[in-house]
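Just below is one structure, and these are the notes that go with it.
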Amino acid sequence: MGSTGRVGRPTACDSAGTRRRILQAARIRFARDGYRSTTNRLIAEDVGITTSALYHYFESKDQLYAAVYCDVIDRVYTSFEEAAAAERHLLDQFSAVLRRARDLQTADASITGFIVAVALETQRHPDLAELLAPQRGRHSRFFSELVERSAERGELQSDVDRAGLADLLGSVLTGLARTAATAGDPQRYTAAVAVLERFFDGSLVTTR
């Protein structure tokens, strides 16, 4: 009998690498096909391992989904923090974050596609919402901290609603990500970021 090309339980030396490949394959499947249509068997086939080997890493599909979520959120917001840290002013930091989000979308559309789909998937599958609950909130914390540090530097007018500003910045990022994922065209994201930056520097419209 010929080999199927799949392997069983991995040795310790390649365990971490196999786990990364499982997370990547699962993210692509979940983003493209949705939670319901994705199976552990399909993910295992994409990775090139047996289904039983996949269960060595993740006991169930919902636990795998939660692991993908944690991996994606940590990767994305760690990258955003690095982008923001390279700038000194709030608007420059926000522009840097939008550009980094654009780069992530261009490099791997499944990252944005997965994040955008999470809200709908957790509505359809309440058990997922419970699994993700301990890890949710990094989005809000990131923008709240961005605004608070800006206020501490004296960049904001005293009457600015800081929570409202954080919500606004977060909503702009989320809205652009949803547009890019729905359209399947990263150029729309790129164009929107360029227009927003012109809005920030005052070159978008002529003087009233």
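The values are calculated or read from the model by the stated rules, or taken from the named source; none is laboratory data. These numbers come from a predicted model, not from an experiment. Every residue, glycine among them, receives a Cβ derived from its backbone with ideal geometry; neighbour counts consider all protein chains shown.
List every residue pair whose Cβ atoms lie under 6 Å apart, where the two residues are 6 or more positions apart in sequence or sit on different chains, the first residue falls within region 85-101 and is in the same structural domain as residue 193 (by TED's automatic domain parsing), and the second residue, located anywhere, is part of a helix (DSSP H, G or I) and among the hydroxyl-bearing types (Ser, Thr, Tyr).
90/150; 100/79
Among the residues of region 25-46 satisfying the criterion of being in contact with a Lys or Arg (Cβ under 8 Å, 6 or more places away or on another chain) and among the aliphatic types (A, V, I, L, M), which is surrounded by the most Cβ atoms within 10 Å (Cβ to Cβ)?
43
In region 62-81, what count of residues is obtained for those that are crowded, with 19+ Cβ neighbours inside 10 Å, more than 30 Å from residue 92 (Cα to Cα) and not aliphatic (A, V, I, L, M)?
Residues that pass the stated criteria total 1.
All but one of (1) modelled with pLDDT of 95 or more; (2) in the same structural domain as residue 26 (by TED's automatic domain parsing) hold for residue 52; state the number of the condition that does not hold.
(1)
Which of the residues spanning region 87-108 are in a helix (DSSP H, G or I), under 19 Å from the mean Cα position of the chain (by Cα) and surrounded by fewer than 18 Cβ atoms within 10 Å (Cβ to Cβ)?
Those that are in a helix (DSSP H, G or I), under 19 Å from the mean Cα position of the chain (by Cα) and surrounded by fewer than 18 Cβ atoms within 10 Å (Cβ to Cβ): 96, 99, 103, 106, 107.
Does residue 84 fit the bill of being part of a helix (DSSP H, G or I), crowded, with 20+ Cβ neighbours inside 10 Å and of a type in the set (Gly, Ala, Ser)?
yes
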